[in-house]
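Scroll down for the structure; my scribbles are underneath it.
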Amino acid sequence: MKSYFRPEIDAMAGYVPGEQPKMANLVKLNTNENPFAPSPEVEKVLRSFDAALMRRYPDPRADAMRCAIAQRNGIKKENVIIGNGSDDILTMIFRSFTSPALAMAMLYPSYSLYAELAAMQGAEVIRIALAEKTFALPENLLEQASRANLLMLTRPNAPTGNSFCFKTIENICRSFDGIVVIDEAYADFAEDNCMELAKTLPNVIVMRTFSKSYALAGLRLGYAVASENIIEGLMKLKDSYNVDMLSQSIALAAYNDTAYFADRVAGVKAMRAKLKTELEELGFYCVDSQSNFLFAMPPDGDGERCFKSLREEAVIVRYFPGEATGKYVRITIGNEAENARLLEVLRGIYQ
C-alpha cells in the first residue's frame, strides 16, 4: 500500500508511553506519578471555577503563570514559556534546533522521546553512553557531542534517577557550541538544580513539569526558562492556545501553595530513602536516586523476570529491555501501602 507520509515518519517506531493498566487491586509504580494528592488549592479552583468562562479563549501565553514563575526565580516573564506538558515544549525545541543538517545528542540511557522527536525532524541522533552501573557522564562527552546543534541533558536522569555534578554541567554548557537543554522533570526531588544556568547563559534552556512534584500528571503543564531571545523564538512555534484556561488556573493555585509542596516533596524523599534501604536488604542494587523513583537491579540481575513476576501479582513497575537497562526495573515511589505491597511480593520472589 502506498504511504503518503514522509519517509522519516514511516521509519519511526514511535514513542511508547508508560502503561496505564486496568487491573483489580492494582499497585501502579511504573510512570513516576506522585503518591500524594495535589494541593487542596486545586480542589478549591475546581469547585469555584465559573464554567461560563469556557466560551472564551484562554490567555494564549499564560501570562499569570509566567509572571509567578518569573517572580520566584528573579527573572522576567519574557524568560518563561508555558507548555501543554513538557512534551509540548520539547516539540517546540526540536522543531527549532534540529533538522537533517542539525544533529541532536542525548545521554543513553535517557528519555526515549528525544530520539523520536529528532526522527520527526529527520535529524541524526548521537547517543552518549553513560558509565556502567554508576551511570556517570563520560569524560569525553563534549567530544562525542561536537557535531550536534542540540544537546539534551536529563538531570536527574531518567530512567536511572541519578544526577550529575553541577560544576560539570556548567562547564559543558559553557563549552558546547549549540543549545543545551537541561530537562529537570525531577529536580524538585534532588539536592540542587541548574536554573541559574538558564538565567545566566545564552544557550541554556531549563525545563520543569507539574506532573511529578506537583502531582498534576493528568493536567499536562510544563514550562521552560531561557534567554529572551530563545523564548521569543520558541513562541513562534507554540500552538496558538496550547494551555487551556482551567489548567492555567489550577497550576497557578498549586504553584502558589509552597508549604504543601515542600511538605509533600519531603515526604517522597523520606519514602525513597526507606524503600531503598528495604530493597538493599533484599539484595537489590539501587542507583543513587535524586528523583521520585529507584532504578533497582534485583539479586539475580534479571530485570525482566522481576518485572513479570511482579506483574503476575498486579504490581506494575517499568522495565526497559537492553544491554544497559535490562538488568534493572524502575520503581516509582508509592504511598506506604503500595510500597509495603511491593516489598511483600518481592520477598516472596527473592526469599
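Each value in this text was obtained by applying a stated rule to the coordinates, not by laboratory testing. Everything numeric in this text was worked out from a predicted model, so none of it was measured. We place every Cβ from the backbone using ideal geometry, glycine too, and count neighbours over all the protein chains shown.
For residue 285 and residue 120, a Förster radius of 41 Å and the Cβ-Cβ distance give a FRET efficiency of 0.70, rounded to the nearest 0.05. Rounded to whole numbers, the Karplus 3J(HN,Hα) couplings from phi for region 105-111 are 10, 9, 6, 9, x, 7, 5 Hz, using 6.51 cos²θ - 1.76 cosθ + 1.60 with θ = phi - 60°, and x at Gly and Pro. For region 56-257, just say rounded, prolate or oblate: build the C-alpha gyration tensor, square-root its eigenvalues into a ≥ b ≥ c, call rounded for a/c under 1.5, and beyond that prolate if a/b exceeds b/c, oblate if not. It comes out prolate by the Cα gyration axes.
For residue 44 and residue 166, a Förster radius of 41 Å and the Cβ-Cβ distance give a FRET efficiency of 0.65, rounded to the nearest 0.05. Take the Cα of residue 343, step 7 Å along the line toward its Cβ, and report every residue of region 280-321 whose backbone nitrogen sits under 11 Å from that point. Residues 280-282 qualify, since their backbone N sits under 11 Å from the label point.
A Förster radius of 35 Å, combined with the Cβ-Cβ distance separating residue 323 from residue 200, puts the computed FRET efficiency at roughly 0.40.
Reported to the nearest whole Å, the Cα centre-to-centre distance from region 155-212 to region 40-86 is 23. A cut-off of 5 Å between modelled amide H atoms, ignoring neighbours fewer than 5 places along the same chain, links residue 129 with 108. Taking all Cα pairs closer than 8 Å and separated by 6 or more residues, the relative contact order of the chain comes to 23 percent.
Given the pairs 133/308; 212/238; 167/308; 44/274; 238/308; 199/276, which are separated by over 29 angstrom at their Cα positions? From the list (133/308; 212/238; 167/308; 44/274; 238/308; 199/276), the Cα-Cα distance tops 29 Å for 167/308; 44/274; 238/308; 199/276.
Subtracting the Cα-Cα distance of residue 2 and residue 273 from 0.36 nm times their residue separation leaves 92.1 nm of extension gain. 3J(HN,Hα) along region 156-171: x, 7, 10, x, 7, x, 7, 10, 10, 3, 4, 4, 5, 4, 4, 4 Hz, from the Karplus curve 6.51 cos²θ - 1.76 cosθ + 1.60 with θ = phi - 60°, whole Hz, x for Gly and Pro.
The HN-Hα couplings worked out from phi for region 346-351 by the Karplus form 6.51 cos²θ - 1.76 cosθ + 1.60 (θ = phi - 60°) are 5, 5, x, 7, 9, 10 Hz, whole numbers, x standing for Gly and Pro. In terms of the Cα gyration tensor, with a ≥ b ≥ c the square roots of its eigenvalues, is region 1-104 rounded because a/c is under 1.5, prolate because a/b exceeds b/c, or oblate? Judged from the Cα gyration tensor, region 1-104 comes out oblate (a/c at least 1.5, b/c at or above a/b).
Could you give the length gained by full extension between residue 67 and residue 10, i.e. 0.36 nm per residue of separation minus their alpha carbon distance, to one decimal place?
That pair, residue 67 and residue 10, stretches by 16.4 nm at full extension.
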